[in-house]
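For reference, the structure is listed below as structure tokens.
The values are calculated or read from the model by the stated rules, or taken from the named source; none is laboratory data. Given the structure is predicted, the values throughout are model-derived calculations rather than measurements. Neighbour counts run over all protein chains shown; Cβ positions are idealised from the backbone, glycine included.
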Amino acid sequence: MRDELPLAHNTSIITGASSGIGWALAQQLAHRGHTLYLLARREAPLLACLETLQQRYPKGNFHVLPGDLIDPRQRHGVLTRLRTAIGTSSVDAIIHCAGTGLPAANLADWHPDDLSDALQLNTVVPLALVNMLLPCMTPLPVPCRIVLVGAGIDRHVQRGTGSYGVSKMAMRRLFEQLHEELTSQPAEIALMQPGVVDTPGLRQHIRTARAMKLPHADYLQTQLDTGQAFSAETVGERLATLLDVSTSQASFSGREWRTAEIYSNEGG
Ligand SMILES: NC(=O)c1ccc[n+]([C@@H]2O[C@H](COP(=O)([O-])OP(=O)(O)OC[C@H]3O[C@@H](n4cnc5c(N)ncnc54)[C@H](OP(=O)(O)O)[C@@H]3O)[C@@H](O)[C@H]2O)c1
């Protein structure tokens with residue numbers, strides 16, 4: 001924990017905040033005193049997270065906005081409520097952790113709708129968030145920091161993971177495009193590649209991929225069994241460090257970060 005460090009980012013928006021990496025990050029930022037707007041698909045887990053945060057940090061300022069961000073109508077509703085809740089406040093950090101991409105046993109079972117859903121959540125949603133929040137990004141004391149959580153699979157073609165891989169590759173391209181487009185805005189953007197992380201999402205993915213007899217299921221299970229996967233807590237802590245003012249703008253901006261690099265760059 002590095003809560004003695006100075007904080008520049010006080011109002012943060014996290015998607016995918018009810019589970020895995022997003023929830024670990026939410027706890028880190030709550031501990032560091034951030035006002036948090038937490039988005040996830042299902043309401044019940046999100047409310048449970050809110051209750052946990054409120055119990056731990058009774059003086060904290062936490063908001064939850066449930067809704068399926070793939071569904072255009074629900075997305076519009078969530079984003080409208082978010083914009084209203086933020087009002088005239090400035091937004092200091094946006095972290096897009098929500099992600100999807102169902103495996104497919106073979107080409108015949110690879111449904112185009114699955115790819116469409118993955119493209120929605122992994123690219124359209126972060127663009128919609130950034131667009132809507134542009135007026136809330138203010139130049140001082142430091143620009144708003146945006147982090148897209150990608151996946152190493154984007155450049156690693158493997159059978160059965162087309163929706164996930166193609167959409168994460170599109171996310172990488174979106175990151176590059178936003179880096180260019182944001183040069184005239186008080187905002188900067190980075191891509192986070194977390195590596196293999198022990199989360200409910202990963203464990204569910206392994207179960208599904210194993211049932212489909214996809215070979216990468218065994219690789220991922222071995223990563224978990226041999227302790228080679230990161231914990232969600234580790235990744236949440238590194239992400240919080242990445243958002244901290246001690247990571248200079250020059251090194252944060254436009255960069256692809258890996259979990260293992262963050263402390264070494266920060267000397268921690
Ligand atoms: N775990 C890994 O090994 C790993 C590796 C590389 C990259 N990543 C990336 O890291 C990010 C977080 O992964 P994780 O393993 O922490 O996942 P996770 O445990 O499955 O959590 C996913 C979060 O996203 C939310 N979400 C999913 N679909 C949504 C939708 N349609 N609308 C709104 N929210 C939605 C979930 O809410 P509900 O639970 O209510 O659906 C949940 O809060 C993802 O982008 C993933 O691709 C993970």
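Worth pointing out:
- Inter-residue pairs, beta-carbon under 7 Å, first surrounded by fewer than 18 Cβ atoms within 10 Å (Cβ to Cβ) and in region 211-238, second in a helix (DSSP H, G or I) and modelled with pLDDT of 95 or more, 6+ apart: GLN221/ILE206; GLU233/ALA24
- Restricting region 27-43 to residues that are farther than 17 Å from GLY67 by Cβ and of a type in the set (Gly, Ala, Ser), the residue that is farthest from the ligand (Cβ to nearest atom): GLY33
Rundown of residues vs (1) β-branched (Val, Ile, Thr); (2) touching a residue at least 12 places away in the same chain (Cβ under 8 Å); (3) out of contact with any strand residue (DSSP E or B) (no Cβ under 6 Å at 6 or more places or on another chain); (4) within 11 Å of the ligand (Cβ to nearest atom), yes/no style:
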{"position": "THR123", "(1), (2), (3), (4)": "yes, yes, yes, no"}
{"position": "MET132", "(1), (2), (3), (4)": "no, yes, yes, no"}
{"position": "PRO135", "(1), (2), (3), (4)": "no, no, yes, no"}
{"position": "PHE175", "(1), (2), (3), (4)": "no, yes, no, no"}
{"position": "ALA187", "(1), (2), (3), (4)": "no, yes, no, no"}
{"position": "GLY201", "(1), (2), (3), (4)": "no, yes, yes, yes"}
{"position": "HIS205", "(1), (2), (3), (4)": "no, yes, yes, yes"}
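- One residue stands out among those in region 63-120 that are within 12 Å of the ligand (Cβ to nearest atom) and in a strand (DSSP E or B): the one that is surrounded by the fewest Cβ atoms within 10 Å (Cβ to Cβ), which is PRO66.
- In this structure, SER12 qualifies as in contact with a His (Cβ under 7 Å, 6 or more places away or on another chain) and crowded, with 19+ Cβ neighbours inside 10 Å.
- Selection status of LEU182, within 12 Å of the ligand (Cβ to nearest atom), touching a strand residue (DSSP E or B) at 6+ places or on another chain (Cβ under 7 Å) and under 25 Å from LEU243 (Cβ atoms): no
- Of the residues making up region 39-52, not a single one is farther than 23 Å from ALA24 by Cβ and assigned to a helix (DSSP H, G or I).
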